[in-house]
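Encoded as structure tokens, the structure appears first; notes follow it.
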Amino acid sequence: MNPQEMAEAMEKIRNNVKSIKHKILVMSGKGGVGKSTVAVNLALALADEGFRTGLMDIDLHGPNVARMVGLKKQPEVIENQIFPPEVLPNLKVISISSFVEDDAPVVWRGPMKTTAIYQFLGDVAWGELDFLIIDSPPGTGDEPLTALQTLSDIMALVVTTPQAVAVQDVKRAINLVKTMHRTPLGIVENMSYMKCPNCGEVIKLFGEGGGKDLENLFDIPLLGSLPFDPALVGFSDIGKSIVTHMRGSELEAAYRETVKEIVQRVKL
Ligand SMILES: Nc1ncnc2c1ncn2[C@@H]1O[C@H](COP(=O)(O)OP(=O)(O)OP(=O)(O)O)[C@@H](O)[C@H]1O
Ligand SMILES: [Mg+2]
């Protein structure tokens, strides 16, 4: 993109996202900690509570959101605008997986990734939203970088597990957010513990303290600690969510609490 095209793309994005109140980037320096699960269930919980919500998958190499959310419908393209399908009356979803074949290796080079994200932000008819939740791939590469650069009011929700190795990687992600002068909304510690289904004993699968350590180190609030629940794995694979299909579980309660914290904080 030459400087002129770049300026036009930025102008288009600014206009297109101005009716979106809160933009939240779900990120982590670490892979497999539950970013996509958190992004999907956060979006579903917000939609369930009446907020107009968008969910955008910018994990261009490993897009999982569509499957996790049970998305069957395709986006419609009308006169250069992409209309995102709704999985619930309040929830619009856009994922790169709608534009590529299942199982095909997705080959992207840096500038292509940036252009795809510009399109998601500039060409998708999001309309008026209370929240746009953006799921990103692990690390601090082109995708989270582009989202952070492009949206000046974006807030980062950082997902970690309790483990020291995860914390090490997550520190890099938080430092990126700080270096770019963006707002860290908070930390979510996932897979904090598991309760034995037979005896109820609490098992610390991945050690403990990671979320608290990050909170103390960076002075960023720990917004929630989510238990590991083996039932979730099967549900995620078939597009059933925690907030709709695991009602009454400790995991659902922990998600609801986390969402409450988020809603309170963005209203400050
Ligand atoms: N609280 C939980 N209890 C049980 N399983 C979980 C929990 N959170 C996530 N998982 C499972 O862990 C796996 C990884 O989760 P997910 O795909 O959301 O992680 P990710 O951080 O998005 O991974 P990637 O870095 O590959 O994008 C999935 O199989 C998911 O179902
Ligand atoms: Mg993911």
What is the number of the single condition among (1) away from ligand 1 (no atom under 12 Å from the Cβ); (2) touching a helix residue (DSSP H, G or I) at 6+ places or on another chain (Cβ under 8 Å) that residue 72 does not meet? (2)
Conditions (1) closer than 15 Å to residue 218 by Cα; (2) touching a residue at least 40 places away in the same chain (Cβ under 8 Å); number of the one not met by residue 207: (1)
Restricting attention to the stretch 96-116, does a residue exist that is touching a strand residue (DSSP E or B) at 6+ places or on another chain (Cβ under 9 Å) and modelled with pLDDT of 90 or more? no
The one condition in (1) away from ligand 2 (no atom under 16 Å from the Cβ); (2) of a type in the set (Gly, Ala, Ser); (3) closer than 30 Å to residue 211 by Cβ that residue 110 fails to fulfil: (3)
Please indicate, with yes or no, whether at least one residue in the stretch 151-159 is closer than 29 Å to residue 47 by Cα, modelled with pLDDT of 95 or more, in contact with a Gly (Cβ under 7 Å, 6 or more places away or on another chain) and not in a loop (DSSP other than H, G, I, E, B). yes
Let me confirm something: among 41, 80, which residue is of a type outside the set (A, V, I, L, M) and surrounded by 24 or more Cβ atoms within 10 Å (Cβ to Cβ)? 41
Could you check the stretch 174-203 and list, in sequence order, the residues that are small (Gly, Ala, Ser), within 20 Å of residue 213 (Cβ to Cβ) and surrounded by fewer than 23 Cβ atoms within 10 Å (Cβ to Cβ)? 186
It is to be established whether one or more residues within the stretch 216-229 are closer than 22 Å to residue 136 by Cβ, surrounded by 15 or more Cβ atoms within 10 Å (Cβ to Cβ), in contact (Cβ under 8 Å) with a residue 60 or more places away in the chain and in contact with a Lys or Arg (Cβ under 9 Å, 6 or more places away or on another chain). yes
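For the stretch 3-19, what are the residues that are within 21 Å of the chain's Cα centre (by Cα) and either not basic (Lys, Arg) or not in a helix (DSSP H, G or I) (or both)?
Correct list: 13, 16, 17, 18, 19.
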Given the condition within 18 Å of residue 9 (Cβ to Cβ), within 16 Å of ligand 1 (Cβ to nearest atom) and small (Gly, Ala, Ser), answer yes or no: does some residue in the stretch 123-142 qualify? no
Subset of the stretch 204-246, residues more than 9 Å from ligand 1 (Cβ to nearest atom) and under 15 Å from residue 70 (Cβ atoms), comes to 238, 239, 240, 241, 243, 244, 245, 246
Quick check: is even one residue across the stretch 38-61 among the small types (Gly, Ala, Ser) and within 16 Å of ligand 2 (Cβ to nearest atom)? yes
Number of positions in the stretch 230-259 that are in contact with a strand residue (DSSP E or B) (Cβ under 7 Å, 6 or more places away or on another chain) and touching a residue at least 60 places away in the same chain (Cβ under 8 Å): 2
Hits in the stretch 28-68 - residues which are in a helix (DSSP H, G or I), among the aliphatic types (A, V, I, L, M) and either away from ligand 1 (no atom under 11 Å from the Cβ) or farther than 15 Å from residue 258 by Cα (or both): 42, 43, 44, 45, 46, 47, 65, 66, 68
Against the definition (farther than 11 Å from residue 25 by Cβ, part of a helix (DSSP H, G or I) and in contact with a Ser or Thr (Cβ under 9 Å, 6 or more places away or on another chain)), how does residue 146 come out, yes or no? no
Being aliphatic (A, V, I, L, M) and within 16 Å of ligand 2 (Cβ to nearest atom) is the filter here; which residues of the stretch 10-32 pass it? 24, 25, 26, 27
Quick check on residue 23: is it over 17 Å from the mean Cα position of the chain (by Cα) and away from ligand 1 (no atom under 13 Å from the Cβ)? no
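The values are calculated or read from the model by the stated rules, or taken from the named source; none is laboratory data. Please read all numbers here as calculations on a predicted model, not as lab measurements. A quick note on method: Cβ atoms are made from the backbone with ideal geometry, for glycine too, and the neighbour counts reach across all protein chains shown.
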